[in-house]
Every structure is written in C-alpha cells, then in structure tokens.
1. In the stretch 349-394, what count of residues is obtained for those that are among the small types (Gly, Ala, Ser), in a helix (DSSP H, G or I) and modelled with pLDDT of 95 or more?
2. Name the residue that is farthest from the ligand (Cβ to nearest atom), counting only residues in the stretch 93-109 that are of a type outside the set (Gly, Ala, Ser) and within 17 Å of Arg256 (Cα to Cα).
3. Could we say that Trp70 is at pLDDT 95 or above, part of a loop (DSSP other than H, G, I, E, B) and in contact with a Lys or Arg (Cβ under 7 Å, 6 or more places away or on another chain) here?
4. Mind listing whichever residues of the stretch 11-62 are part of a loop (DSSP other than H, G, I, E, B), surrounded by 15 or more Cβ atoms within 10 Å (Cβ to Cβ) and either of a type in the set (A, V, I, L, M, F, W, C) or within 16 Å of the ligand (Cβ to nearest atom) (or both)?
5. Could you tell me which of the residues Ile100, Ile158, Ile93, Ile114 is among the β-branched types (Val, Ile, Thr), over 19 Å from Ala369 (Cβ atoms) and touching a Cys at 6+ places or on another chain (Cβ under 6 Å)?
6. Being at pLDDT 95 or above, in contact with a strand residue (DSSP E or B) (Cβ under 8 Å, 6 or more places away or on another chain) and within 16 Å of the ligand (Cβ to nearest atom) narrows it down to one residue among Leu227, Leu241, Leu253, Leu302; which is it?
7. Return the residues of the stretch 195-213 that are out of contact with any helix residue (DSSP H, G or I) (no Cβ under 6 Å at 6 or more places or on another chain) and of a type in the set (S, T, N, Q); say none if nothing qualifies.
8. Can you tell me which residue in the stretch 204-224 is farthest from the ligand (Cβ to nearest atom), limited to those that are surrounded by fewer than 23 Cβ atoms within 10 Å (Cβ to Cβ) and over 20 Å from Ala320 (Cα atoms)?
Amino acid sequence: MTYNFDEPIERRGTDCFKWDALQAMYGRDDLTPMWVADMDFRSPDFVMEALRQRCEHEVLGYTMPSEGYWQAVTTWLKRHYGIDTTKDNLHFIPGIVAGIAYALLALTEPGDKILVTTPVYPPFLNLPKKSGRKLVCSPLRITNSRFAIDFNDFERKIEGCKLFIMSNPHNPAGTVWGTEVLRKIAEICERHHVLVISDEIHADLTLPGHQHVSYSTVSEAAQRHSLTFMAPSKTFNIAGLGSSVCYVADADLRKRFFGWLNTFEVANGNIFAFTAAKAAFANGEEWLRQMLDYLQGNVQALDEFLRTRMPKVKAVLPEASYLAWLDFSAYGMTHEQLKDKFINEAKIALNDGTTFASQGRGPQHGGAAYQCCFRLNLGCPRTILLDALNRIAGILS
Ligand SMILES: Cc1ncc(COP(=O)(O)O)c(C=O)c1O
C-alpha cells in the first residue's frame, strides 16, 4: 500500500492544540502552524482500525496492558535498537513529560542540581525549576551546522549534579548523537554518579542515512545509570493518546522508579493508549518507512529553499524527526521585530527560540543567545511547507 502524505487534512475544530490554540498563543487564528511537534498527517490506517474495533465492544472499563501489547513493544525495541528486554524492565508511561516529572519526584530531592544541554525542549527546563530543583545548563555549540556538546563545559557543569536529562535525538533540531558521544556522556556521568534520563521520543523518526543509538546500549555504565523513555506517539502521530514506555535495566533503579509509579498509581494506562501502541508497533514498519522518506523529502525541500531564497538563514536541519532550528540573526532585526513579522505579515506560527533556554542566567545560558532563532516544524504536506517558506522569505527580502 502506498500512503499519501501530500493530502492536506483540515484539523481546525478538532480541539487540536497546534491549530486550535493559535488565537490563545499567538493572538490570531489565521496562521499556518509550524510549531507544536506533531504532524499534519493522518494516523496510520492499522492504528485507526484497531481503535475502531476496540470501540465496537462498547464497554470501556478499567484496563491493563495485554501480553500482545508487551510483545509488540519488546519486539520493536529489540529490532530497532538492540534492546533485549522483557516486560519486567518496562513500565507504561502516560506521556514522556509526565514520565520525566515522575522521575524527578521519585529520584531527586528539592535543591538537587539537574543538568540539561541548551537549547532544549522547554519542559526539560521548566520541570526542574518548577519542582524546586536547581537547573544547570550546558550550552551546545553549533559546529558544521550541527549541535555538538561542549564537553569541557559539560564536565564542569556536571559537578554535583544528580541527574542529566538528555533529548536523544535532540529537540530542537533532531540531532542524532551517535555512539561515541553517548559513550563519552556515559563515562562522565558514571564518574560523577549522575543518573541519566534519555528521552528517545524522536528515535523512531531517525531519517534515512542516520542511525539512532539508544543510550543504555552504549556501555554497561550507561545501562546501570539510565532511564530510557520511548513512545509511538511522535512516530505514528498519536501523541494525543498519551502512550509511552520507560525502560530501566538496573534492578535497584527500577525498584525505586517503578515502585514510586506503582505507589502513586500515576502510570496505569488507558484502553486507547494500549490498543494504538500495540497496533502501531506490530504493523508500523512500512508506514514508517514511507513516512520517513516523505519527511526526508521535506528536509531536502527546506534545505534547497534556504540555499536559494534565504541564504542568510543559519540552519540546523534534522537528522531525526521534523524540527529545524533557524537562526535569522543576519537579517539585522530584533527578536520582537522578527516575531511580529512572522505572525502579522507572514502569518506563520513558529516556536520562539528563547523558550528553549533558561531565562535570566547570563547570555550564554539565557534566551538571549537565541533571540533570533526559531524552530520550524516541517511535518506537514510539502505544499504547506513551501507555502509557509515562501511567506517567510517574502517578509525578509
Ligand atoms: C524531546 C521531547 N520529549 C517529550 C515530548 C512530549 O512527550 P509527551 O507528549 O509524551 O509528554 C516532546 C514533544 O515534543 C519532545 O520533543
């Protein structure tokens, strides 16, 4: 079967955050949304069919993960990432942000230092700060149009930290870290007795030509000190169902974290999350292959557009997923001017780069460093992407 990712699908009026929250978030609702990280593609037919079939039963009482669900999850993890596990090392998680919040509460204390590398997905900044932990930021460098960890800074900052929260691949620009970098992180974290959360929500979306490496697989140390979060939510565009899993290889760590989840009953799961995840992991290979080819086409289209129409934009293009980091500094406009022009002239909603870094901690940590940066979501039909890019180019010339 050939899937059609070119078809525009009307999402307005479906209580869809990306399209229906524009007025609330950007002050007008006539924008093309290139912000929230979900895709405008139809969720796969085999997932929709499984949900429909489950609805036919018409009793939606309390549920539990079936053996079939665990089989689908463990097979996927083994086949794609070489993670050899049974369900005993896994726990259902209702969403990865929730999972990270639970891990903070279960494994750290108020006042503990939590390390992140910036720019990064904003909840990584907000969860530690809002839960009374101390956020420590190690800024990434851009080298050869890729984000890279500054290991001198990283090693300095990790001193005294309890936990490092890592986006692997990295949001905001889908940087695939690779074995060497992950091994180095594992060696440093082990030496400093730091736990690692590896958020691998974007892993399945690693684009052709790149290879995702799951953190816990790089060394025994990494396996000992890490929690890995995975999900079918971005992969199959079912984020609204809140379906993720956490993998913990180490028995003590598992006891502490899974024990906490079970005590507080915050990760019990729901019928649609289990049904959709099982169908997605069991049947998703071909859909995913075609979808990744399409996304790769969008990345190429963006790259070509930037070279020919907006050569002054400095871009970090995704190696995984559908998020690109665009730096408009060379156009000589302020943050406010750029924002105003994108919203009120180009009528495009982008993510504001300053939200990917901690505010008010000096220019190297703060949003100040990313005043002219914006994140663009290219998970949409190519016509919509090109139309949006044309409108952006129009206000910059
Ligand atoms: C790195 C990362 N983690 C987590 C999430 C959200 O996960 P969830 O919806 O499962 O909470 C996102 C969504 O964009 C993300 O990019």
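1. Let us first name the residues in the stretch 349-394 that are among the small types (Gly, Ala, Ser), namely 349, 353, 357-358, 360, 362, 366-369, 379, 388, 393-394.
Among the residues that remain, those that are also in a helix (DSSP H, G or I) are: 353, 367-369, 388, 393-394.
With the extra rule that they be modelled with pLDDT of 95 or more, the set shrinks to 353, 388, 393-394.
Going through the stretch 349-394 one residue at a time, the tally reaches 4.
2. Our first condition is that a residue be of a type outside the set (Gly, Ala, Ser); within the stretch 93-109, this holds for 93-94, 96-97, 100, 102, 104-105, 107-109.
Keeping just the survivors that are within 17 Å of Arg256 (Cα to Cα) gives 93, 100, 102, 104-105, 107-109.
On the way: Ile93: 8, Ile100: 8, Tyr102: 11, Leu104: 14, Leu105: 15, Leu107: 18, Thr108: 18, Glu109: 23 Å.
Looking at residues that are of a type outside the set (Gly, Ala, Ser) and within 17 Å of Arg256 (Cα to Cα), I get Glu109.
3. Numbers: at pLDDT 95 or above: yes; part of a loop (DSSP other than H, G, I, E, B): no; in contact with a Lys or Arg (Cβ under 7 Å, 6 or more places away or on another chain): yes.
Answer is no for this residue.
4. Result: Cys16, Ala21, Leu31, Met34, Trp35, Val36, Ala37, Asp38, Met39, Asp40, Phe41, Ser43.
5. Ile93
6. Values: Leu241 fails: in contact with a strand residue (DSSP E or B) (Cβ under 8 Å, 6 or more places away or on another chain); Leu253 fails: within 16 Å of the ligand (Cβ to nearest atom); Leu302 fails: within 16 Å of the ligand (Cβ to nearest atom).
The conditions single out Leu227.
7. Across the stretch 195-213, the qualifying residues are Thr206, Gln211.
8. This residue is Glu220.
The values are calculated or read from the model by the stated rules, or taken from the named source; none is laboratory data. Just so it is clear, the structure is predicted and the values come from calculations on it, not from any experiment. FYI the Cβ positions are ideal-geometry reconstructions off the backbone, even for glycines, and counts take in every protein chain you see.
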